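Okay, structure first, notes after.
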Amino acid sequence: MDHHEIYLDNHSSTRCAPEVVESMLPYFDAEYANPSSVANAVGRRAQNDVDHARQSIALMLGCESNEVVFTSGATESNNLALAGVLSRHKAGHVCLTTIEHSSVRGPLQEFVRRGFQISEIPVDRFGRVSPEALAEVLRPDTVLVSIIAASNEIGTIQNFHRLLPNIRRTQALLHVDATQAVGKIPFSLNELDIDLLSFSGHKLHGPKGIGGLIVRQKNRRVRLQPQVFGGGHERGLRSGTMNVPGIIGLERALRLSFEDIETVSTKVRVLRDDLWQRLQNGIPDLVLNGPPLGENDRLWNNLNCQFPGVEGQTLALTCEQVAMSSGSACNANQGEPSHVLKAIGLNPDQARSSLRFGLSRYTTASEIETAASLIIAAYRKIIK
Ligand SMILES: Cc1ncc(COP(=O)(O)O)c(C=O)c1O
């Protein structure tokens, strides 16, 4: 990245931390063996290192190492979770929130074609799912419920302690897309009865092309139909030569975020609030999308607001020195207003005038100061 570019798009990807890059380097060079090739000592060393990384990741997330399935990222984890459960049924009912990521919505569309029934769980104007709204859509034949842990657009963090009792009254499994939550919100799967949990390396200062799906075996033995066949890697759930540098980097990235979650979240929250304050001072009509900034149910690095009278896309293009995003960058949705903003009650114009900001541990106070003045100047230029 150019040194004068300011990256405020950390929900779509993050800088790979220098510690992470360093941890991965030996696995491109001296230790490049295949961990499945255990007939030789170098292969066994690689296997050993992958095993350690798996154990460490399991410990951090509060699960067992045989519950960790490495994938290429959260899109694949979500696909494996949903298709893996639903392929074991001929038909049935599935619930998902109205604010899921396209990598949850997409695979479910395929199962609609196969005859499954889908219910959307509505959210309130801040993106929160209530236990009552969930109870209303659950049915005796619900096989799966999918709920995004933290929204990649408006930062809403769901309260699973409140939602779980209703789900546990049914036979349904719970899948959680925790891509934006892992490494940002302290939690332990030992204390939360979630059946399947997806996450991704490049959202938490790890490398791209690696992620995981936790497939719990503790309270219920979750069985999945594999979607990729071959050599039977990952306990038969996801064949393919293991991405050793990716796995090592993912472990290091998780450790980095777990080590100083408190310090980083406190620092970044102040910067995020400062960005909002500065933007509001320059653009008095600015409207906040998503939960109030002071609340704990909003990601500390997320800001999303409406810039009345302009298209978010135009503002982002006019102010290219600051990387920000209109809608979800991970969607190839050209021009379509965000389904998440629609779900919290925005009309198409309000949704189109919105921009999302994602800060990170690397964001500095001076970047926020510069970014705010550049955005305000670009806004004034457009509405003139
Ligand atoms: C909530 C959420 N789920 C899934 C994904 C997909 O993750 P990946 O890029 O690892 O496939 C993303 C990011 O794009 C996301 O924000």
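Would you list Met1, Met324 from fewest to most Cβ contacts within 10 Å? Write out the running numbers ahead of the final one.
Numbers: Met1 8, Met324 23.
By the 10 Å Cβ count, ascending: Met1, Met324.
Can you work out the Karplus-derived ³J(HN,Hα) for every residue in the stretch 122-136? Use 6.51 cos²θ - 1.76 cosθ + 1.60 with θ = phi - 60°, whole Hz, and x for glycine or proline.
Values, residue by residue: x, 10, 7, 5, 9, x, 8, 8, 9, x, 5, 5, 5, 4, 5 Hz.
First select every other residue whose beta carbon is under 13 angstrom from the beta carbon of Gly309; then total the charges, Lys and Arg +1, Asp and Glu -1.
Working: positive: Arg352, Arg380, Lys381, Lys384; negative: Asp285, Glu311, Asp349.
After counting each charged neighbour, the total is +1.
Using Cα pairs closer than 8 Å and at least 6 residues apart in sequence, work out the relative contact order for the stretch 18-258, in percent. List each step's numbers first, then the result.
On the way: 460 pairs, mean separation 64.2, N = 241.
Result for the stretch 18-258 is 27 percent.
How large is the dipole of the stretch 48-111 about the Cα centre if only Lys and Arg carry +1 and Asp and Glu carry -1, each at its Cβ, rounded to the nearest 20 debye?
On the way: 4 positive and 7 negative charges, 63 e Å.
My answer is approximately 300 debye.
Expected output is a single nm value to one decimal: the length gained when fully extending between Tyr32 and Asp285, i.e. 0.36 nm times separation in residues minus the C-alpha distance. What is it? Show your work: numbers first, answer last.
Numbers: separation 253, 0.36 × 253 = 91.08 nm, distance 5.56 nm.
Contour length minus the Cα-Cα distance gives 85.5 nm.
Out of Ala377, Leu256, Val215, whose Cα points farthest toward the positive end of the dipole of the chain (charges: +1 Lys, Arg; -1 Asp, Glu; placed on Cβ)?
Of the options given, the answer is Val215.
Working out 0.36 nm times the residue gap between Ser65 and Ala39, then minus their Cα-Cα distance, what length gain in nm do you get to one decimal?
7.1 nm
What do you get when you divide the Cα radius of gyration of the chain by 2.2 N^0.38 Å, with N the number of residues? Each step should come with its number before you reach the end.
Working: Rg = 21.1 Å, N = 384, 2.2 N^0.38 = 21.1 Å.
Output field value: 1.00.
Say a paramagnetic label sat at a point 7 Å from the Cα of Glu22, along Cα to Cβ; which residues of the stretch 239-259 have their backbone N under 19 Å from it?
245-259
Assuming 0.36 nm per residue, please report the length gained on full extension of the stretch Gln277 to Asn159 beyond their Cα-Cα distance. Kindly include the intermediate steps, with their values, before the conclusion.
Values: separation 118, 0.36 × 118 = 42.48 nm, distance 2.74 nm.
That works out to 39.7 nm of additional length.
Taking only the Cα atoms of the stretch 88-158, how large is their convex hull per residue, in Å³?
Expressed per residue, the convex hull around the Cα atoms of the stretch 88-158 is 83 Å³.
List the pairs from Lys203/Lys342; Lys208/Lys267; Lys267/Lys342; Lys203/Lys267 whose alpha-carbon separation is above 28 Å, in the order I gave them. Working shown, then result.
Values: Lys203/Lys342 24 Å; Lys208/Lys267 25 Å; Lys267/Lys342 31 Å; Lys203/Lys267 18 Å.
Where the Cα-Cα span goes over 28 Å, the pairs concerned are Lys267/Lys342.
Given Cα pairs under 8 Å that are at least 6 residues apart, what percent is the relative contact order of the stretch 76-201?
Numbers: 204 pairs, mean separation 31.4, N = 126.
After rounding, I find 25 percent.
Given the DSSP H assignment, sum -39500 (n - 2.57) over each helix run of at least 4 residues in the chain and divide by its residue total; what's the result at 222 nm in deg cm²/dmol, nearest 500?
One gets -11500 deg cm²/dmol as the mean residue ellipticity at 222 nm.
Each reported figure results from applying straightforward, stated rules to the coordinates on display, with no laboratory input. Since we're looking at a predicted model, the values are computed, not measured. Counting neighbours? That spans all protein chains shown, and the Cβs are built from the backbone with ideal geometry, glycine included.
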